[in-house]
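Please find one structure pasted underneath; my questions will follow.
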Amino acid sequence: MTSFRRLLALVLTLSLFNVSMVHAAQAGLVTTEQVAGLAAEAPAGGGHARLAAALARDDVRAAMERQGVDPAQAVERVAALTDEEAGRLAGQIENAPAGGIIGAILLVFFVLLVTDILGLTKVFPFTRSVR
């Protein structure tokens, strides 16, 4: 029985000694904005690769040419961006609402319609002014 007590005392002593050697972990709070920023900065492929893939699409090239932008010059400008700038731009492109131009056109239409009805402008022939 004494050998069992000595063994138990030895195991408990070593356990307490081992516990005192463990270092405490330190953690800090991570905000949602920090996590979202990291996710936008470092997705698979990186910003340059995603922008290059977008510029290589035929519909994008055709749209740039319609706007008077040389696709080769656009590729050169993307290559000149830093990694952070390319990641931020790629994130903005991915998060841009599809059909955003339609919303802008509708906003302008409704503003002009209201100003026509109020008699401030005369853009649409189908409106009658309240004045």
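Any residue in region 58-79 that is acidic (D, E) sitting within a Cβ distance under 8 Å of a residue that is modelled with pLDDT under 80 and surrounded by 11 or more Cβ atoms within 10 Å (Cβ to Cβ)? List the pairs, counting only those 6 or more apart or interchain.
D70/M64
Going by the structure shown, is A104 at pLDDT 75 or above and part of a helix (DSSP H, G or I)?
When the stated conditions are applied, A104 does not pass them.
What's the number of the only condition in (1) assigned to a helix (DSSP H, G or I); (2) of a type outside the set (V, I, T); (3) modelled with pLDDT of 75 or more that L29 fails to meet?
With (1) assigned to a helix (DSSP H, G or I); (2) of a type outside the set (V, I, T); (3) modelled with pLDDT of 75 or more applied to L29, the lone miss is (1).
Report, by residue number, each residue of region 69-89 that is of a type in the set (K, R) and in contact with a His (Cβ under 9 Å, 6 or more places away or on another chain).
The answer is none; no residue qualifies.
The values are calculated or read from the model by the stated rules, or taken from the named source; none is laboratory data. From a predicted model like this one, the values you see are computed outputs, not experimental measurements. As a convention, Cβ positions derive from the backbone with ideal geometry for all residues, glycine included, and neighbour counts pool all protein chains shown.
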